[in-house]
Amino acid sequence: MDTEARLKQVMDVLDQIAEDTSVPRNIRRGAAEAKARLAKKGEALDLRVTSAIMIMDDLANDPNIPLHGRTLIWNVISQLETVK
């Protein structure tokens, strides 16, 4: 799978997290922020990916996140680590 396709897939999952009302608002906001970072075409790809991973890592450590949300976040992080 090429890089653009993988990023598109990751952004779709981030949209899914951002629209999931069973996930706390701060987690949804963080997912939207990570997606916005990935979408910045003016920055280098590795910088965008690293920024998104850092945001998602912080979200995964939030004690209020439901289990399914944490699993999605871990999956996103795994996908992003293969992009670098």
### Query
Just to be sure, is residue 29 surrounded by fewer than 16 Cβ atoms within 10 Å (Cβ to Cβ) and either in contact with a strand residue (DSSP E or B) (Cβ under 7 Å, 6 or more places away or on another chain) or in a helix (DSSP H, G or I) (or both)?
yes
### Summary
The number of residues in segment 51-75 that are hydroxyl-bearing (Ser, Thr, Tyr) and either exposed (fewer than 15 other Cβ atoms within 10 Å of the Cβ) or under 13 Å from residue 14 (Cα atoms) (or both) is 1
### Task
Only residues that are over 10 Å from the mean Cα position of the chain (by Cα) and modelled with pLDDT of 95 or more: list them for segment 29-43, please.
29
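The values are calculated or read from the model by the stated rules, or taken from the named source; none is laboratory data. Worth saying up front: this structure is predicted, and the values here are computed from it rather than measured. Don't worry about glycine lacking a Cβ; one is built from the backbone with ideal geometry, like all the others, and counts go over all protein chains shown.
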